[in-house]
Each structure stands twice: as C-alpha cells, then as structure tokens.
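Heads up, the thing below is written out as structure tokens.
No value in this document is a laboratory result; all are computed from the given coordinates. Since this is a predicted model, take the numbers as computed values, not measurements. Cβ atoms come from the backbone with ideal geometry, glycine included; neighbour counts cover every protein chain shown.
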Amino acid sequence: MGAGRADLLRTIEKEHSLRKACKELGISYKHAWMMLKKMNEALGEPAIITVRGGKNQGTFLTDLGRKLLAEYETNKQIINETIGDETAWENVSFKLSARNQLPGKVLEVEKNGLVSKITIEMEPSIMTSVVTEEAVEKLDIKPGDRIYAVIKSTEVMVAKIVGEKVPTKIDLKETNRSD
C-alpha cells in the first residue's frame, strides 16, 4: 500500500463517502474504485464496506481497512524517524569501501506488516535499517546472519569522531566479500 491508497482510505474514513473522497483528492470515481477493488482482491477481504439507504448510509472502513491504514501510518512514522535521525551515524567508526558497504551482524528482525526493521551490529555501533518485508523474506535475513549494509543514496551524512583513538582498519578481504 502506498501513499495514494492510504490517502484514499483516510479520506473515506473522514467523509464516509467514496464520491466525496474522490472529489477531495481530485481523482476519478472509477480510478478510486479500481484501486479499492485491487486492494480487496490482494487482501482477500474488503477494506471498505458500503451501506445503502437509511440514516447510516455511506462508505466505511472495515476493521481490516482501519488496521491497514494504522500499519501504514506507523511504518511511515518509523521510516521518517529513521531517515530524520541525523545522529544515527555519529558513532560509526568505519571507513566505507568503494562500494559503500558496512559489514555487520543481524541482531533482530522486527516485522511490521509491509516493512521490517533490521537491527544490525557494526562494532562499536548498532544501526537500524527499514526495508520491505519482501526483501527480508527473499534474502532470508534472520538474527545472527552476517550482512552488509549498503548505502545507496545521493545524500550521505558524515560524522567525525573527536577525542577518541583512531579505529583499527577493517580487513579489506572481509569488506569486499560478496557473500
């Protein structure tokens, strides 16, 4: 689920109307309906219900729809906090290889619906990475695994250790291994 579907569910919850949600978001009714149909098919049960006629008519999120939206919001917050933590790298005392790899050991894998948090020990620091649950499953990442954290961003934060001894060099053979 991406931002578009989350916005649609959030607006349906607020308006209790698919038509009003579409108008507020500036999307066509057909487009919204197709998004919801695909979502329901993928989930195997509906994320919304429509009640027709009477005083309580409208379109509403099911318990699953509310849970899905809450998981999305939680995961979005985790990602924003992780990205926004400018001090997260200040204790890392490694030099990056030419491929921007940091060797480490998986301490914990916490699955949270669509994304997973991987806690990685990189002596003398610990780093948390947020990746898709699909990536964790495809790579079969579990506690105790030796992995590389690969930095693949156009923005890299730099921290300088002040007043501490110079760290020992990492064995280049270990750093450049591809396993």
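Please list, in chain and number order, the residues 5+ apart from Ile147 or on another chain whose amide H is under 5 Å from its amide H, with Hs placed from the backbone.
Hits under the 5 Å cutoff: Gly104, Lys105, Val106.
Between Ser28 and Thr132, what FRET efficiency follows from the Cβ-Cβ distance if R0 is 22 Å, with the result rounded to 0.05?
Details: r = 29 Å, r/R0 = 1.32.
Calculated transfer efficiency: 0.15.
Among Glu134, Glu24, what is the fewest-to-most ranking by other Cβ atoms within 10 Å? Mind showing how you got there, number by number?
On the way: Glu134 11, Glu24 15.
Ascending Cβ contact count within 10 Å gives the list Glu134, Glu24.
Simple spin-label model, 7 Å along Cα-to-Cβ: Lys55 to Asp145 in nm?
In this crude label model, Lys55 to Asp145 measures out at 5.5 nm.
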